[in-house]
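Asks: Next up is a structure, given as C-alpha cells.
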Amino acid sequence: MAEWIKAKRMSVFTSIPYGGNPAWIVLSSSGMADETMRKIAKDLNPLTDTGFVLPEQTKEADIYLRFFTGSGEVNFSGHTTIATYFALSGENILSVKEPKTTVRQRTKVGIQQVDLRVKGDRIMRATVLLTKPNYMEPVVNPVAVAKFLGLTPDDLTSVGLPFDIISVGFYDLIVPVKSLNDMQRLNPNFSVMDSVCTRLGIHGVIVFCQETFDAGDDAFMRHFAPSLGINEDPISGASAGSLACYMIRQKVVTPTNFTRIIIEQGYLQGRKGRVYVHVETTRDQILRVRVGGNAVLTFTGYILAP
C-alpha cells in the first residue's frame, strides 16, 4: 500500500540556497524495497544521489544510511551523508548536544564516524571520517584520457604531475591540468570515458588544477561518473578526499600532522561550493581522511512511496 513519507531537499557543501550539490533525503524509509528507492531517486534527483534513512538494528551504529541514483545503489556518498545530518535537524530522530556530537553511521562501506559541530540544537558543520586511501596502478595512456576529456595529450603531460587512481570511498582516476582555462575547455565524451572506467575497474574521473577562483583555496576540481549514471557530479565529498590524498602523495602540498585542504567544485555549473578535507599523517603515511561542510534546506514536504 502506498504511503506518504517526509523528504527534504538540501544544498550541500555551501551556505547558499541552490548552490553546491543538491541532495534529497528521504526520512523513515523502513521496509522500502530497493527498486522503490531506485525509482524515487531517479524521479527526485536525476543529477546526483538520494539518501534514505533507515532504522539501525544493531548496537554498532546509531543510524543506517543507503544511497541511490537512478541507475541503482552506490555504496557511499559524501555530500549526501553531510546533507542527511542537516536534514535530521528538528526531526527527533537523532539526539545532538553542543559543542560536538559524534555519530556512528552504517553504510555499505561499513561503520563510519561523523562529527557534528552543534550550537544550541542546530548543526553548524558535519564532518565524516572516510576510509584510509587505497591505490591502483593507473595503466592508462594520456592520449586516451585526452580524447575522452576533449583536450590534447600535451595539455596533460605538460603539467608535470602523474595520473593516479585513489579511493577513500570509490576509485577515481585523478588527472591534473594546468589552469582554470583548461578546466573550462573540457568537452567530455562520456561514452568513451565510461568505457575506459569500466576497463580500469573504477567509478569516475577527477580533473583538477591548482589555480582557484577564490584566494585561500587549494584546488579546483570537476568530477565525472558516467558509470554511476552521473555524467558530472557538481560536488563530491569522497572524491575531494581522494584528491587531497593525491596532493599530499604527489607533494603538491606540504603535509603537517593535520593538514586542511580546501577544494572548490561546482563553480562552472553555477553551484559553487567548498569541501573541507582534513588529512592526518605521520611519517608520510596517511592515517585518517575526513571531509566536511555545510548544507542548506531548500524544500521540505512529503513524497508518495509506492
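Asks: Please check which bits of segment 42-79 a label hung off Asp217 would reach, taking the label as a point 7 Å along Cα-to-C-beta and the cut-off as backbone N under 17 Å.
Replies: The answer is 79.
Asks: Follow-up question, since we're still on this one. Please give the charge dipole size of segment 134-293, origin at the Cα centre, charges +1 on K and R Cβ atoms and -1 on D and E Cβ atoms. Round to the nearest 20 debye.
Replies: Using Cβ point charges on Lys, Arg, Asp and Glu, segment 134-293 gives about 220 debye.
Asks: Can you give the local net charge around Thr298? Use residues other than it whose beta-carbon is closer than 13 angstrom to its beta-carbon, Lys and Arg +1, Asp and Glu -1.
Replies: Overall, the nearby charge balance is +3.
Asks: Within segment 200-269, list the chymotrypsin sites (Phe, Trp or Tyr not before Pro) lying in a DSSP loop whose Cβ has at most 12 other Cβ atoms in a 10 Å radius.
Replies: Those that pass, being in a loop and sparsely packed, are Phe213.
Asks: To the nearest 20 Debye, how big is the dipole of the chain about its Cα centre, given +1 on the beta carbon of each Lys and Arg and -1 on that of each Asp and Glu?
Replies: The dipole of the chain has a size of about 600 debye.
Asks: Please tell me which of these pairs span more than 30 angstrom C-alpha to C-alpha: Lys8/Lys100; Lys42/Lys100; Lys251/Lys272; Lys59/Lys272; Lys100/Lys178; Lys42/Lys251?
Replies: Lys42/Lys100; Lys59/Lys272; Lys100/Lys178; Lys42/Lys251
Asks: Determine the gain in length on full extension of the stretch Lys42-Asn134; use 0.36 nm per residue of separation and subtract their C-alpha separation, reporting nm with one decimal.
Replies: Contour length minus Cα-Cα distance gives 30.1 nm.
Asks: Helix-derived [θ] at 222 nm for the chain: sum -39500 (n - 2.57) over DSSP H runs of at least 4, divide by residue count, nearest 500?
Replies: -6000 deg cm²/dmol
Asks: Take the Cα radius of gyration of the chain and divide it by 2.2 N^0.38 Å, with N its residue count; two decimals is plenty.
Replies: 0.97
Asks: What is the local net charge at Gly229, summed over the other residues whose Cβ is closer than 14 Å to its Cβ (Lys, Arg +1; Asp, Glu -1)?
Replies: Its environment carries a net charge of -3.
Asks: Net charge near Leu180: determine it from the other residues with C-beta under 15 Å of the C-beta of Leu180, scoring Lys and Arg +1 and Asp and Glu -1.
Replies: Every neighbour counted, the sum reads -3.
Asks: Let me ask something else. Tell me, in nm to one decimal, what length is gained between Asn141 and Thr300 on full extension, where the rule is 0.36 nm per residue of separation less the Cα-Cα distance?
Replies: 52.6 nm
Asks: About the Cα centre, and with charges only on the beta carbon of Lys, Arg (+1) and Asp, Glu (-1), how big is the dipole of segment 237-295? Nearest 20 debye, please.
Replies: Dipole magnitude for segment 237-295 comes out near 60 debye.
Asks: Given the chain, what percent of its DSSP beta bridges are antiparallel, to the nearest 5?
Replies: Taking every DSSP beta bridge within the chain, about 85 percent pair in antiparallel fashion.
Asks: Using a Förster distance of 22 Å, how high is the FRET efficiency between Thr102 and Phe258, based on the Cβ-Cβ distance and rounded to 0.05?
Replies: 0.80
Asks: Across segment 164-171, in residue order, what do the Karplus-derived ³J(HN,Hα) couplings come to in whole Hz, using 6.51 cos²θ - 1.76 cosθ + 1.60 with θ = phi - 60° and x for Gly and Pro?
Replies: These are the phi-based 3J(HN,Hα) values: 8, 10, 9, 9, 10, x, 8, 7 Hz.
Asks: What GluC sites (Glu not before Pro) in segment 1-91 are in a loop by DSSP, with at most 14 other Cβ atoms within 10 Å of the Cβ?
Replies: Listed in order of number, the matching sites are Glu60, Glu91.
Asks: Along the charge dipole of the chain, Cβ charges K/R +1 and D/E -1, which of Gln105, Gly241, Leu186 sits furthest on the positive end?
Replies: Looking along the dipole axis, the top candidate is Gln105.
Asks: Sticking with this structure for a sec: Run through every distinct alpha carbon pair of segment 93-182 and return the Kirkwood hydrodynamic radius in angstroms, one decimal place.
Replies: 16.4
Asks: To two decimal places, what compactness ratio does segment 134-293 give when its Cα radius of gyration is scaled by 2.2 N^0.38 Å?
Replies: Compared with the compact-globule rule of thumb, segment 134-293 sits at 0.96.
Asks: Pick out, in residue order, every one of the trypsin sites (Lys or Arg not before Pro) in segment 103-208 that is DSSP loop and has at most 12 other C-beta atoms within 10 Å; say none if there are none.
Replies: In loop regions of segment 103-208 (DSSP not H, G, I, E or B), the sparsely surrounded trypsin sites (Lys or Arg not before Pro) are Lys108.
Asks: So what is the relative contact order for segment 134-293, in percent, with contacts set as C-alpha pairs under 8 Å and at least six apart?
Replies: 17
None of the figures in this text is laboratory data; all of them are computed from the coordinates on show. Every value quoted in this text rests on a predicted model; they were computed, and no experiment measured them. Reconstructed Cβ throughout: ideal geometry from the backbone, glycine too, with neighbour counts over all protein chains shown.
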